[in-house]
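**Q** Dropping the structure in here first, questions after.
The values are calculated or read from the model by the stated rules, or taken from the named source; none is laboratory data. The structure presented is a predicted model; accordingly, all values stated were derived computationally and were not measured. FYI the Cβ positions are ideal-geometry reconstructions off the backbone, even for glycines, and counts take in every protein chain you see. We work out accessible area using only protein heavy atoms, side chains counted, and drop any ligands, DNA or RNA first. Shrake-Rupley method; radii C 1.70, N 1.55, O 1.52, S 1.80 Å.
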Amino acid sequence: MRGFLMFVAIFVMGFVAGDGRSINSDMAAPRRIHTLFSVECQNYFDWQTVGLMHSFKKSKQPGPITRLLSCTDEEKKNYRGMDLAPTFEVPSMSRHPKTGDWYPAINKPAGVVHWLKHSKEAENVDWVVILDADMIIRGPIIPWELGAEKGRPVAAYYGYLVGCDNILAKLHTKHPELCDKVGGLLAMHIDDLRVFAPMWLSKTEEVREDRDHWATNITGDIYGKGWISEMYGYSFGAAEVGLRHKINDNLMIYPGYIPRPDIEPILLHYGLPFSVGNWSFSKLYHHEDDIVYDCNRLFPEPPYPREIQQMESDSNKKRGLLINIECINLLNEGLLLQHKRNGCPKPQWSKYLSFLKSKTFADLTKPKYPTPATLVMKEDHVPKQPVKGDRVQKQPVKEELVQKQPVLDELQEPYPKIHTLFSTECSTYFDWQTVGLMHSFRLSGQPGNITRLLSCTDENLKKYKGHNLAPTHYVPSMSRHPLTGDWYPAINKPAAVLHWLNHVNTDAEFIVILDADMIMRGPITPWEFKAARGRPVSTPYDYLIGCDNVLAKLHTSHPEACDKVGGVIIMHIDDLRKFAMLWLHKTEEVRADRAHYATNITGDIYESGWISEMYGYSFGAAELQLRHIRNTEILIYPGYYPDPGVHYRVFHYGLEFKVGNWSFGKANWRDTDLVNTCWAQFPAPPDASTLDQTDKNAFARDLLSIECIRTLNEALYLHHKKSNCSDPSSLTNSNSENESEAGVSRKIGKLDESYTGKGNHLSTESSQESSEEVKEDAMFSSLRLWIISIWVISGLLFLVLIISKFSGRKVKVVRGKHQRIKRRTASYSGFVDRNGQEKYVRDLDASL
């Protein structure tokens, strides 16, 4: 009995010591955590979900996580991402059921209310962590360790919510003095959430309907359109129920901001654009990106950690840059794992993939834990403003302690929609250009959709094989002008744009027009390059000297408004609708003006009117006095020297360019079917490590040239892979016949890889290889005939000896013996033949 009592005492003492607290029932309350985040049925939220879910697992966040998925019935029919996360479906309130107001952000409070009311999981929770989808968790978010208490949730600081200090708070809560400027990270007790959530939703509706107070000076919303109503709904709802927050300005950081010394953020909120050197990322560039479902495609890779070590000497700025790349690298790692779950083929090896799978990266992304300085609450080091009547003197605030806040969170008004267009014809020449442009479009992060304007005759369309190379709008060909009979394929560009405008309903506000022979390196957006209605943006085409001479005076009533531009065009849809018809008409007009084709008038060295379409563009815009912003940092021709520090968004490989003895000219590949010939590619450029780096400008030029052609080759490789081209390295060994067939198949694959693209000629290496095989075959045939001849002669000599020795025997016996010798000779010949054939097949296999 005494032993039993001693055991019980030791057990109780161990329990108390292990928990670090007494066994008082009030102190031993359960601590079950549940994490929530809200999304909609869109590709945009799917890739964010993949990133958040991956970081949730990697950070070792305790407890379950639930995605609150707001979808309409129509959206759910085509939705592909139901298995991306543990999901609780919520009725969509993007379109308000009573007012008809379109405001998707309201789904967040509506989703939480629905979860509390209808989810059984909500019945077994003590603490709730509420995040946004566009976040990366770096370490476990444990409410009580962050300082959260029942009645005192912890939240991140949103200093731009100025409405807490003015008339907005007085209008929408009885307790404006309790309004906290918080959001982003929320850690709250379930009991508080049950009381507060309905008020969060109600106040969101209330602020959203208060259009009289949407002004920027009242809300802080620079667009003045109520996009941050949900955030005010949260703050006003909490104030209404008397819920005061412990405000922490350290736990969460926006990539692009510099962390304070001794602070270890445990949450990344990538709601704002950020960059590292020439590399940049903005989530809004990927608003319609289906990257989750596009096998082995990742976001553009950022610089490596060792490059950042060389890039920045300041330790805190360096930490900030490392946080930036950590964010995108974790997103990409999550995408890789999701692609694997989707059943995608194993991705091709690359240096970047190797880094993501390395121990170095695993060590860099281990769970982070908040330092003591990270847990210091805002009110602990930044005193609140004293209310009227208080005698508390305001304390000076050290500037370096206050992290600069973003002017506006990601729930700002969406950027205008963009649609990208490019024009091609039904030919293999344009097909390989299309493959390159489409591949680079996906990599670039260009927002919105893209459409190929495909101009074909009915006859060409019947034979055309490239229908699936891009989203396509089919256009009647004007290469042969229907009225004049003039052959001028370039006119298809303005004709196709006009046809698209007249036959397609688009909700895009801005149109980006490119040429097929371009490679995108980054997004081309109106907000970055300052395009506006009545003010398009384009790139300089200074050789259009006709803007300065008689040509402009002949073809536009406003020659002074003629801009020498082309290549990349960013134009408001309203301007394009007015302008497109003039673009076509002016192209026809300049093309018909053969009297002014001279080089000194047009700048066309061929004096054949081939750049009439370019003048048609400039003269058509001048006619409307549509003046352009000329931007020199959008486009570069490979082979040209780049300006230092400029991140060009487009390669235009319209001109021949060289790197050492290697060169590329698109015209040399006009008649080569690179798209439908398995594994066909362009000749590989030199490796960058072999280049002379003495001349930094030349080295930078050559690096861009190499990047251009490698992107084209990568595009072709992925196209052939998706086209189910047989693996050129495989060979079947089942039997000699199959071996021969496999050998021929592999040989064709090898010839494709070395195809020069000029006529039907093959590379020297392949021709030599074929010649060696012919020689080997001829040698084998000669050897076989020689052996057979020896056996025949030996047989004849043997017969002569037999006949001379047994000449007295009957003819019947001699004949029988002769037949047996013949059979034996034949069998020996067959034996030699089979072994010779086996040797031939083995030699052929070795040569392959």
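**Q** In this structure, does G334 turn out to be part of a helix (DSSP H, G or I) and more than 15 Å from the chain's Cα centre (by Cα)? Walk me through it before giving the result.
**A** Values: part of a helix (DSSP H, G or I): yes; more than 15 Å from the chain's Cα centre (by Cα): no.
Considered against the rule, which asks whether it is part of a helix (DSSP H, G or I) and more than 15 Å from the chain's Cα centre (by Cα), G334 comes out as no.
**Q** Could you tell me how many of the residues in segment 470-488 are outside any strand (DSSP E or B) and open to solvent by less than 20 Å² (accessible area, probe 1.4 Å)?
**A** So the answer is 3.
**Q** Can you run down the residue pairs with Cβ atoms below 7 Å, 6 or more apart or on separate chains, where the first is in segment 284-307 and within 17 Å of R521 (Cα to Cα) and in the same structural domain as C41 (by the TED database) and the partner is polar (S, T, N, Q) and in a loop (DSSP other than H, G, I, E, B)?
**A** Hits for this filter: Y285/Q446.
**Q** For segment 213-271, what are the residues that are within 12 Å of G184 (Cα to Cα), among the acidic types (D, E) and assigned to a loop (DSSP other than H, G, I, E, B)?
**A** D249
**Q** For L322, indicate whether it is in a helix (DSSP H, G or I), surrounded by 14 or more Cβ atoms within 10 Å (Cβ to Cβ), touching a residue at least 12 places away in the same chain (Cβ under 8 Å) and not assigned by the TED database to the domain that holds P447.
**A** Numbers: in a helix (DSSP H, G or I): yes; surrounded by 14 or more Cβ atoms within 10 Å (Cβ to Cβ): yes; touching a residue at least 12 places away in the same chain (Cβ under 8 Å): yes; not assigned by the TED database to the domain that holds P447: yes.
In short, yes.
**Q** Also, quick follow-up: Do the conditions hold for A148, that is, is it open to solvent by less than 20 Å² (accessible area, probe 1.4 Å), outside the structural domain of K340 (by the TED database), within 16 Å of L193 (Cα to Cα) and in contact (Cβ under 8 Å) with a residue 40 or more places away in the chain?
**A** On the way: open to solvent by less than 20 Å² (accessible area, probe 1.4 Å): yes; outside the structural domain of K340 (by the TED database): yes; within 16 Å of L193 (Cα to Cα): yes; in contact (Cβ under 8 Å) with a residue 40 or more places away in the chain: yes.
Spelling it out, A148 is indeed open to solvent by less than 20 Å² (accessible area, probe 1.4 Å), outside the structural domain of K340 (by the TED database), within 16 Å of L193 (Cα to Cα) and in contact (Cβ under 8 Å) with a residue 40 or more places away in the chain.
**Q** Same structure, new question: In this structure, is T677 β-branched (V, I, T), outside the structural domain of P300 (by the TED database) and modelled with pLDDT of 95 or more?
**A** Working: β-branched (V, I, T): yes; outside the structural domain of P300 (by the TED database): yes; modelled with pLDDT of 95 or more: yes.
Taking the combined requirement at face value, the residue satisfies it.
**Q** Within segment 255-271, track down each residue that is modelled with pLDDT of 95 or more and open to solvent by less than 10 Å² (accessible area, probe 1.4 Å).
**A** Matches in segment 255-271: P255, P265, I266, L267, L268, H269, Y270.
**Q** Looking at segment 85-108 only, could you name the residues that are open to solvent by less than 20 Å² (accessible area, probe 1.4 Å) and not in a loop (DSSP other than H, G, I, E, B)?
**A** The initial filter retains those residues of segment 85-108 that are open to solvent by less than 20 Å² (accessible area, probe 1.4 Å), namely 85, 90, 94, 103, 105-107.
Listed by number, the residues that qualify are V90, A105, I106, N107.
**Q** Among the residues of segment 59-84, write down those that are open to solvent by 10 Å² or more (accessible area, probe 1.4 Å), part of a loop (DSSP other than H, G, I, E, B) and closer than 23 Å to R341 by Cβ.
**A** Of everything in segment 59-84, those that are open to solvent by 10 Å² or more (accessible area, probe 1.4 Å), part of a loop (DSSP other than H, G, I, E, B) and closer than 23 Å to R341 by Cβ turn out to be K60, Q61, G63, P64, N78, Y79, R80, M82, D83, L84.
**Q** Filter segment 518-535 for residues that are within 14 Å of Y637 (Cβ to Cβ) and open to solvent by less than 10 Å² (accessible area, probe 1.4 Å) and give the result. First the steps, then the outcome.
**A** Residues of segment 518-535 within 14 Å of Y637 (Cβ to Cβ): 518-519, 521.
Scanning segment 518-535 gives M518, I519.
**Q** How many of the residues making up segment 111-126 are touching a residue at least 40 places away in the same chain (Cβ under 8 Å), of a type outside the set (G, A, S) and either over 29 Å from I328 (Cα atoms) or not assigned by the TED database to the domain that holds E326 (or both)? Give the derivation first.
**A** Kept after step one, since they are touching a residue at least 40 places away in the same chain (Cβ under 8 Å), are these residues of segment 111-126: 111-116, 119, 121-122, 124-126.
Checking the rest, the ones that are also of a type outside the set (G, A, S) come to 112-116, 121, 124-126.
Right, trim to either over 29 Å from I328 (Cα atoms) or not assigned by the TED database to the domain that holds E326 (or both) and you get 113-116, 121, 124-126.
So the count comes out to 8.
**Q** Follow-up question, since we're still on this one. Being in a strand (DSSP E or B) and under 30 Å from Y285 (Cβ atoms): is that true of V497 here? Let's see the steps before the verdict.
**A** Numbers: in a strand (DSSP E or B): no; under 30 Å from Y285 (Cβ atoms): yes.
Answer is no for this residue.
**Q** Does any residue of segment 156-164 turn out to be among the small types (G, A, S), in a helix (DSSP H, G or I), in contact (Cβ under 8 Å) with a residue 24 or more places away in the chain and over 17 Å from R244 (Cβ atoms)?
**A** yes
**Q** For the structure I just gave you, tell me whether A169 is under 38 Å from the mean Cα position of the chain (by Cα), touching a residue at least 24 places away in the same chain (Cβ under 8 Å), open to solvent by less than 30 Å² (accessible area, probe 1.4 Å) and within 18 Å of G242 (Cα to Cα). Quick ask: steps written out before the conclusion?
**A** Details: under 38 Å from the mean Cα position of the chain (by Cα): no; touching a residue at least 24 places away in the same chain (Cβ under 8 Å): yes; open to solvent by less than 30 Å² (accessible area, probe 1.4 Å): yes; within 18 Å of G242 (Cα to Cα): yes.
No; evaluated as a whole, the condition is false for this residue.
**Q** Looking at segment 581-602, which of the residues that are within 39 Å of the chain's Cα centre (by Cα) and surrounded by fewer than 19 Cβ atoms within 10 Å (Cβ to Cβ) is farthest from D542 (Cα to Cα)?
**A** Ranking the candidates gives M581 first.
**Q** May I pose another question? Cβ-Cβ below 6 Å, separation at least six or inter-chain, first residue in segment 201-220 and outside the structural domain of L116 (by the TED database) and open to solvent by 50 Å² or more (accessible area, probe 1.4 Å), second part of a loop (DSSP other than H, G, I, E, B) and modelled with pLDDT under 95: which pairs?
**A** Within 6 Å, the pairs are T216/I222; T216/G224.
**Q** So which residues in segment 679-719 are assigned to a loop (DSSP other than H, G, I, E, B), closer than 18 Å to A667 by Cα and free of Cβ contacts under 8 Å to residues at least 40 places away in the same chain, if there are any at all?
**A** Step one: of segment 679-719, the residues assigned to a loop (DSSP other than H, G, I, E, B) are 679-687, 691-695.
Retained after the next criterion (residues that are closer than 18 Å to A667 by Cα): 680-685.
Correct list: A684, P685.
**Q** Taking segment 476-533 on its own, how many of its residues are acidic (D, E) and free of Cβ contacts under 8 Å to residues at least 40 places away in the same chain? Break it down into steps so the answer makes sense when it comes.
**A** Of all residues in segment 476-533, those acidic (D, E) come to 486, 507, 509, 515, 517, 528.
Of the ones still in play, those that are also free of Cβ contacts under 8 Å to residues at least 40 places away in the same chain are 528.
Total meeting the criteria: 1.
**Q** Let me ask something else. Go through segment 627-651 and give me each residue that's at pLDDT 95 or above and either of a type in the set (V, I, T) or more than 19 Å from N278 (Cα to Cα) (or both).
**A** R627, H628, I629, R630, T632, I634, I636, G639, V650
**Q** Could you list all residues from segment 109-141 that are within 26 Å of I266 (Cβ to Cβ) and open to solvent by 30 Å² or more (accessible area, probe 1.4 Å)?
**A** E121, N124, listed by residue number.
**Q** Would you check if D548 is out of contact with any Cys (no Cβ under 6 Å at 6 or more places or on another chain), among the charged types (D, E, K, R) and at pLDDT below 95?
**A** Details: out of contact with any Cys (no Cβ under 6 Å at 6 or more places or on another chain): yes; among the charged types (D, E, K, R): yes; at pLDDT below 95: no.
Here the answer is no, as D548 does not meet what is asked.
**Q** Please specify each residue of segment 536-546 satisfying the condition of being open to solvent by less than 10 Å² (accessible area, probe 1.4 Å) and in a helix (DSSP H, G or I).
**A** Once the filter is applied, which keeps residues that are open to solvent by less than 10 Å² (accessible area, probe 1.4 Å) and in a helix (DSSP H, G or I), segment 536-546 yields only G546.
**Q** Still on this model: In this structure, does L437 turn out to be modelled with pLDDT of 95 or more and closer than 19 Å to F510 by Cα?
**A** Values: modelled with pLDDT of 95 or more: yes; closer than 19 Å to F510 by Cα: no.
Criteria not met by L437.
**Q** Could you list all residues from segment 280-319 that are in a loop (DSSP other than H, G, I, E, B) and open to solvent by less than 10 Å² (accessible area, probe 1.4 Å)? Show your work before the answer.
**A** In the first step, residues of segment 280-319 are kept if they are in a loop (DSSP other than H, G, I, E, B); the result is 282, 287-304, 312-314.
Selection gives S282, I291, V292, F299, P302.
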